[in-house]
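Taking it in order: structure first as structure tokens, then the write-up.
The values are calculated or read from the model by the stated rules, or taken from the named source; none is laboratory data. What you see is a predicted model, and the numbers here were worked out from it, not measured in a lab. Cβ: placed from backbone, ideal geometry, glycine included. Neighbour counts: every protein chain shown.
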Amino acid sequence: MVTKLELLVLVLACYLAEASLQERDFRSITVAASGGVEFLIQDSLGRRSGYDPRTAKRYDEINQSYGVFSIDSENPSVPAPEPVKEFMTYAPVDGNYTVTVFGTRSSPYRLSMTLSRGIRDGADYDFGGVVDSNIVVQYQFRYTSVPHEPMSAFKVVRLQTLREDLRTCYTLKFVGEKELYNDLTRRLDKLDKYLSDKDSSKARHELEKFQEKIDQVRKETVKTEQKKAKPPKHFISKDAYDILTEDVTLLLKQLPIDKKGKGGKQSNRLQQKS
């Protein structure tokens with residue numbers, strides 16, 4: 001005969017098991033992108049899902065996952081919304097993930113990630129950038145199912161990333177005119193030389209001067225925007241400023257300085273293509 005205590009323990013065990021199942025039901029990863037991009041996601045087991053336009057190959061290796069796309073507007077008089085590519089999985093594995101974004105045309109893009117592991121326990125990330133045909137941008141994020149353990153997501157930035165973002169912002173007329181673009185490009189050329197010399201101290205100084213320059217130009221641009229006047233000869237839009245500032249900030253974090261100012265392997269990594 002089952003005692004009251006045993007019955008209570010059994011009920012409690014069933015409750016905890018059901019709660020655990022409910023928590024697992026809320027475990028998911030969603031990655032969505034809009035703009036002139038395709039993307040490919042790779043989980044910590046090396047499985048891939050998404051589309052690689054370089055090889056025209058679609059991957060569907062991640063279990064219990066699927067991709068969806070936005071549909072055209074039902075009203076012929078209303079322009080169709082920007083297509084959205086979305087990846088979802090309800091059986092995420094713990095570990096590091098890589099999201100490779102492929103540019104298909106000159107365009108701004110948005111990339112969002114929602115990492116969930118339970119009710120009111122997760123993280124949301126939103127990124128913005130610019131791409132051109134054949135440009136590749138990488139993001140990484142860490143997913144963990146351990147309650148309240150930190151998760152993270154970030155853009156992988158190298159010097160080439162900053163160059164490509166600057167060039168695409170100029171192509172999209174987010175940065176102008178050519179005189180400013182050439183000036184900023186020359187600053188990156190000097191930065192490249194310092195990285196080649198493994199002089200992280202001078203590289204850091206050049207990056208800081210690059211940031212000071214775009215700060216100055218953006219400040220003047222804002223004044224003109226507030227007056228609703230004609231854009232100045234040299235200008236930087238808010239989108240371009242945010243993108244370039246993010247790149248500079250992430251590059252500066254990768255430039256530790258020793259007593260001699262040499263960056264060693266760190267400097268080499270900054271010059272690698274992402």
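Selection of the range 161-180 for residues being surrounded by fewer than 22 Cβ atoms within 10 Å (Cβ to Cβ) and under 22 Å from VAL136 (Cβ atoms) yields ARG163, ARG167, TYR170, THR171, LEU172, PHE174.
Here's the yes/no breakdown for (1) closer than 21 Å to VAL130 by Cα; (2) surrounded by fewer than 15 Cβ atoms within 10 Å (Cβ to Cβ); (3) of a type in the set (Ser, Thr, Tyr):
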{"position": "LEU184", "(1), (2), (3)": "yes, no, no"}
{"position": "ARG187", "(1), (2), (3)": "yes, no, no"}
{"position": "ASP197", "(1), (2), (3)": "no, yes, no"}
{"position": "LYS202", "(1), (2), (3)": "no, no, no"}
{"position": "GLU206", "(1), (2), (3)": "no, no, no"}
{"position": "LYS209", "(1), (2), (3)": "no, yes, no"}
{"position": "VAL217", "(1), (2), (3)": "yes, no, no"}
{"position": "ALA229", "(1), (2), (3)": "no, yes, no"}
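Count of the range 186-239 residues, restricted to those that are assigned to a helix (DSSP H, G or I) and among the small types (Gly, Ala, Ser), is 4.
Here GLY95 does not qualify as in contact with a His (Cβ under 9 Å, 6 or more places away or on another chain) and either surrounded by 17 or more Cβ atoms within 10 Å (Cβ to Cβ) or within 26 Å of SER34 (Cα to Cα) (or both).
Residue-level analysis places VAL217 among those that are of a type in the set (A, V, I, L, M, F, W, C), touching a Pro at 6+ places or on another chain (Cβ under 9 Å) and either over 19 Å from GLU164 (Cα atoms) or modelled with pLDDT of 90 or more (or both). One residue stands out among those in the range 166-185 that are of a type in the set (Asp, Glu) and in a helix (DSSP H, G or I): the one that is nearest to GLU246 (Cα to Cα), which is ASP183.
On the given criteria, is VAL101 of a type in the set (A, V, I, L, M) and within 13 Å of the chain's Cα centre (by Cα)?
yes
The single condition among (1) over 14 Å from the mean Cα position of the chain (by Cα); (2) within 17 Å of THR100 (Cα to Cα); (3) assigned to a strand (DSSP E or B) that PHE127 does not satisfy is (1). Using the structure shown, decide if GLY122 is part of a strand (DSSP E or B) and buried (at least 16 other Cβ atoms within 10 Å of the Cβ). Criteria met by GLY122.
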